[in-house]
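Enquirer: Please see the structure below; I have some questions.
The values are calculated or read from the model by the stated rules, or taken from the named source; none is laboratory data. What you see is a predicted model; the values in this text were computed from it and never measured. Here the Cβ is made from the backbone with ideal geometry for all residues, glycine too, and neighbour counts use every protein chain on show.
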């Protein structure tokens, strides 16, 4: 039995997991139109490779990874590209992003798949496959997996099946039904990273998932350890799960890989297996549909399916007033129901006033410290709240605001019902914007100073050129005068000679202009002019008669 | 009496020499205060303050020639930071130097541009590319929105377009509680 460690804080909210695990996983039907957002992960967007009207096959790459942390994007089904345009996407801002609109033809024709044999493929090739299969972390942050799979000196690989947030059960159902895929992907990642230990952490409120994973693990590799961790939110947070399983605490500003630990979500592990041994890119995922609906259930959903068509499958109750994407703790209310499901979407909850009562008015902070007791990042939320509220961003950073994982434990326990996380999010994005502005200003200063230096250099170059030219003319004149007279020319003679030369030049230039002068025309030319003028006079006379 | 005077004089000479040496040896290049003020200014180099660039304005503030509320692109935030740095009282933006506007970039109407290069010469950060009798265009990420290129354009083909909010620039808003009518 492995020794487990605890982490500070955390809460135990009602789990509400049983609602959506009663029915087996179902495949959601294809919608009339799929909206696939180009940008689905942290980092850069891939480059679009199709245009409106193009036919696409299921699994065909429609956007290729470019520089930055971009990964590929694929058509979730076969059909035609209707448009590439800005559409509302699942983001708390409600802003639009560039999407590929695909009209399915219903044939589900796959592109030719190229499975790899993981044992005979080089690590670089495997990582390229992860990137080209569009793999990102499926726990919610959507960080490109090929980057995380490139860590060196990794000792322990952790597969995260904790799924600590209430209501969400997609990882639970995935572990129950696709244990082999997860274990297969986990073993591939272990070989890729060269890790010695492989742990799968699952919260102990999911006994079926633990049993299924244990069975799959013993079949595949007896060295693989499935560990039941105590149920406490947020045990599924990366740093918290690492702490529970290994006792390691990841300090401020460091990554788990600095300590020889790497963590992947179970969904990511299953997708790795599919991408490598079957050659299938990430084009669908499990999504929990729960809350105030008649038939809560997990669905296998194509990426790009509009949320409103998905919700209709579960028959929401009449008193549903809004929909949350993600869990109740860290998710956000959808500003628009036409938004599509993306690679990071794990759950959609129908909310009603009875299930999720509207927040009561905020009361003043009484500095009771309950938030500090609950904070799993061991921060002082009441201090951060105070600084964020007064927009004292420097102090926020001093109190390690960026260690906050926005889990919402502090707001959950706050007796004054202060929406603390909203303040932290505000402060974080303000600090990021400020740093970006500062960088831009430094860049502008650099360019400005360079321009000034360049102008100065040009001025000096010009002055030097002029001086050189003047010296040359002077020398030429001196030579000329030395030829005419034996006596050296005086300063005033020099000037006179310069003026003389300039006048001669001016005369030369004006002489050809005089050729056009009437008085200097030849007799022949004057005759031509007279003829032309007579012709013109006759023409005007006839024109006047006609009118 | 004489000895005492001599001792004091000798001491003064020695200490003076030490101070003089230190002043030369540990001389600080440039004015650190000017650097700090320049760091707060937005580096648009727009000249709205009446000085030919951000650095000259920083110099003027440090010398006490200019007030801290003459920079419209820096806005109230900038004035607040300057007030904090210099230990002065905050004052609202002075109206004679302009008003705070949303961040914008210059956009050249490329159908109208005649390729006169006047805007190229006006741009303080070399954010416009082009050549004589060739179409000019603005490198948007480098544009500071100083508007200095707008006036010299003989065909009025440069417009200042406010930067729209994008996924990258979107920020969480300051939490406010909606006041709703009770029932």
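Enquirer: Is there a residue being within 18 Å of the chain's Cα centre (by Cα) and over 30 Å from residue A:424 (Cβ atoms) anywhere in the range B:150-173?
Expert: No - not one qualifying residue is present in the range B:150-173.
Enquirer: Now for a separate question. Taking the condition touching a residue at least 24 places away in the same chain (Cβ under 8 Å), surrounded by 10 or more Cβ atoms within 10 Å (Cβ to Cβ) and within 14 Å of another protein chain (Cβ to nearest Cβ), does residue B:33 pass? Before the answer, list the steps.
Expert: Values: touching a residue at least 24 places away in the same chain (Cβ under 8 Å): yes; surrounded by 10 or more Cβ atoms within 10 Å (Cβ to Cβ): yes; within 14 Å of another protein chain (Cβ to nearest Cβ): no.
Criteria not met by residue B:33.
Enquirer: Hey, does the range A:377-390 have a residue that's under 27 Å from the mean Cα position of the chain (by Cα), in a loop (DSSP other than H, G, I, E, B) and either more than 14 Å from every other protein chain (Cβ to nearest Cβ) or at pLDDT 95 or above (or both)?
Expert: The answer is yes; a qualifying residue exists.
Enquirer: Could you list all residues from the range A:412-441 that are in a helix (DSSP H, G or I), in contact (Cβ under 8 Å) with a residue 24 or more places away in the chain and either within 13 Å of chain B (Cβ to nearest Cβ) or within 27 Å of the chain's Cα centre (by Cα) (or both)? Steps first, answer last, please.
Expert: Going residue by residue through the range A:412-441, those that are in a helix (DSSP H, G or I) are A:412-413, A:420-441.
Pick out the ones that are also in contact (Cβ under 8 Å) with a residue 24 or more places away in the chain and you get A:412-413, A:420, A:423-424, A:426-428, A:430-431, A:434.
Within the range A:412-441, A:420, A:423, A:424, A:426, A:427, A:428, A:430, A:431, A:434 qualify.
Enquirer: While we're on this one: For the range B:43-97, give me each residue that is within 14 Å of another protein chain (Cβ to nearest Cβ), closer than 21 Å to residue B:151 by Cα and in a loop (DSSP other than H, G, I, E, B).
Expert: B:43, B:44, B:45, B:46, B:47, B:51, B:52, B:53, B:71, B:73
Enquirer: While we're looking at this one, here's another question. For the range A:115-133, give me the residue count where each residue is more than 28 Å from the chain's Cα centre (by Cα) and within 29 Å of residue A:83 (Cα to Cα).
Expert: 0
Enquirer: Looking at (1) closer than 30 Å to residue A:262 by Cβ; (2) more than 15 Å from the chain's Cα centre (by Cα); (3) surrounded by 21 or more Cβ atoms within 10 Å (Cβ to Cβ), which is the only condition residue A:79 fails?
Expert: (1)
Enquirer: Here is a follow-up. Which condition number in (1) assigned to a loop (DSSP other than H, G, I, E, B); (2) within 14 Å of chain A (Cβ to nearest Cβ) is the one that residue B:105 fails?
Expert: Exception for residue B:105: condition (1).
Enquirer: Would you pick out the residues in the range A:494-539 that are part of a helix (DSSP H, G or I) and modelled with pLDDT under 75?
Expert: A:494, A:509, A:510, A:511, A:512, A:513, A:514, A:515, A:516, A:518, A:519, A:520
Enquirer: Free of Cβ contacts under 8 Å to residues at least 60 places away in the same chain and within 13 Å of chain A (Cβ to nearest Cβ), is that true of residue B:171?
Expert: The answer is yes for residue B:171.
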